[in-house]
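Here is the structure we will look at.
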Amino acid sequence: MAKKNDDFFVEKKPWSKVKDELLGCYLKPYVAKILYTRKPLAYVDCFAGKGKFDDGNPGSPLIALDIFQQGLAATKLDGNARIGAAFIDLNYASDLETNLSAYKGIKIVPGAYEDNIDDLLKSKTGCNVFLYIDPYGIKALDCTKFDAFANGQFNTIELLINMNSFGFIREACNAMGTKFKIDDSGFFDDLVEYDPTILDATDKSIEALNRIAGGDYWKDIIARYKSGEIDGYKAEEYFSEQYCQRLSESYKYVLNMPIRIQQNQHPKYRMIHATNHPDGCVLMADNICNRWELLKNIQNSGQMTLFQETFNNQIIDEEKISEYVIEHFSQCFGWTSLTEAQAVFFVKYGAICKTGDIAKALKKLEKAQRLEVMRNPSLTEKGKPSTFMTEGHGKTVSVRWVK
């Protein structure tokens with residue numbers, strides 16, 4: 001096993017702040033919405049760490065628990081809202097006990113995620129399940145486990161995964177007998193792992209990579225890199241795309257969010273959100289767009305950006321959004337839930353704009369009689385035709401392209 005980085009929790013680094021800010025940005029509206037399903041929420045932080053960094057900064061457990069307290073206090077479900085939170089860690093269970101002692105009713109699980117997660121989820125039938133999977137290294141990311149989670153008898157399930165995609169490519173190169181090089185000598189300085197995965201050119205390493213990736217499709221990518229057909233950045237991009245395609249075999253809505261520590265950098269790693277519920281996908285995409293400015297200010301330089309302008313590094317403007325909206329919604333030949341259509345839009349194009357931007361484009365198409373919109377309720381309280389273009393709170397919207 002690789003030597004662990006004993007200084008990992010001394011100070012909260014920018015990349016940790018990015019991940020936790022993204023988690024917090026999503027959990028606030030997620031909790032507010034999921035509690036109204038009147039089904040319990042089972043939250044598991046699969047690699048919880050100490051709960052708090054030595055410099056006093058909160059880790060993901062404290063961030064989540066504070067949000068849960070706020071969400072429960074704000075709900076009006078008369079005590080019917082329930083959240084069960086569990087925190088797994090192999091090395092720091094005692095630190096978690098100390099740092100989370102102010103919170104009652106939580107479960108701290110000493111041990112490895114892969115050894116405990118199945119038992120934790122056994123009793124969660126009918127619950128809403130959210131798994132935060134921010135591993136110490138890539139070796140714990142067993143794709144077959146993610147498949148099994150999707151087949152659990154839960155009311156809803158969502159995964160937020162930190163995928164060190166460049167770390168995977170580096171170890172895949174090692175396993176395939178080639179050296180991984182990129183044109184930035186300090187590139188991996190921002191990707192310090194607590195327990196880095198180190199693989200070599202053995203059948204055992206190949207099997208481990210197949211398990212992580214959920215198949216052997218990565219071998220062709222490494223072969224193309226080794227031959228010089230593609231560079232390391234393209235290899236990472238292709239792997240991330242195909243990894244999400246693999247996850248989509250079990251999860252209908254998979255968002256691939258490239259994270260950059262500095263503006264104009266290549267993505268350092270990927271945050272991947274997977275769910276079978278369109279509401280969750282739309283909520284994640286919308287909150288990324290609404291709140292990414294907060295992430296820019298995590299570094300003193302204010303130069304951090306969450307994702308590229310587009311998947312092709314193009315600038316997204318109103319005209320481009322309209323083009324994508326027409327391209328996508330023109331395929332809605334039958335009545336389609338707006339939320340469902342938006343979720344598929346974000347999976348296809350990425351979190352490139354807010355749902356409000358999509359609604360603005362759709363209203364123009366509706367006015368031009370290129371799109372039919374069916375709203376329920378169809379009339380306002382004053383008897384006028386409804387014009388809303390969002391779902392929820394007793395409102396539904398279906399759309400159909402005019403042939």
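Figures for the structure shown
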| read-out | value |
| --- | --- |
| The chain: angle of helix 60-74 to the longest principal axis, Cα-based, in degrees nearest 10 | 30 |
| 15 Å Cα cut-off, lysine pairs counted over region 318-401 (separation 8 or more, or different chains) | 5 |
| Within the chain, helix-based [θ] at 222 nm, where runs of 4 or more DSSP H residues each add -39,500 (n - 2.57), nearest 500 | -13000 deg cm²/dmol |
| Span from the region 353-382 Cα centroid across to the region 123-180 one, whole angstrom | 37 |
| Potential extension, Thr37-Ile316 segment - 0.36 nm per residue separation minus Cα distance | 96.9 nm |
| Candidates per GluC sites (Glu not before Pro) in region 317-403, loop by DSSP, up to 11 other Cβ within 10 Å | Glu381 |
| Dipole in debye (nearest 20) - the chain, about Cα centre, beta carbon charges: Lys, Arg +1; Asp, Glu -1 | 1540 |
| Of Lys226/Lys268; Lys28/Lys145; Lys107/Lys234; Lys76/Lys145; Lys52/Lys179; Lys179/Lys204, those spanning more than 30 Å from alpha-carbon to alpha-carbon | Lys107/Lys234; Lys76/Lys145; Lys52/Lys179 |
| Cα-based Kirkwood hydrodynamic radius, the chain, one decimal, Å | 22.5 |
| Listed residue (Thr98, Tyr225, Ser123) projecting farthest to the positive dipole end of the chain, Cβ model | Ser123 |
| Tensor-based shape of region 29-122 (alpha-carbon gyration tensor, a/c under 1.5 rounded, otherwise prolate or oblate) | oblate |
| C-alpha long axis of helix 318-329 to longest principal axis of the chain, angle in ° | 80 |
| With Cα atoms, 0 to 90° folded angle of helix 232-247 axis to the chain main axis | 60 |
| Translational diffusion of region 19-74, µm² s⁻¹ [Kirkwood Rh, Cα pairs; Stokes-Einstein; 20 °C; 1.002 mPa s] | 179 |
| GNM flexibility winner over the chain from Ser386, Ser250, Ser322 (Cα, springs under 10 Å) | Ser386 |
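Only the coordinates and a few stated rules stand behind these numbers; no lab work does. Please read all numbers here as calculations on a predicted model, not as lab measurements. With ideal geometry, Cβ positions are generated from the backbone for all residues, glycine too; neighbour counts draw on all protein chains shown.
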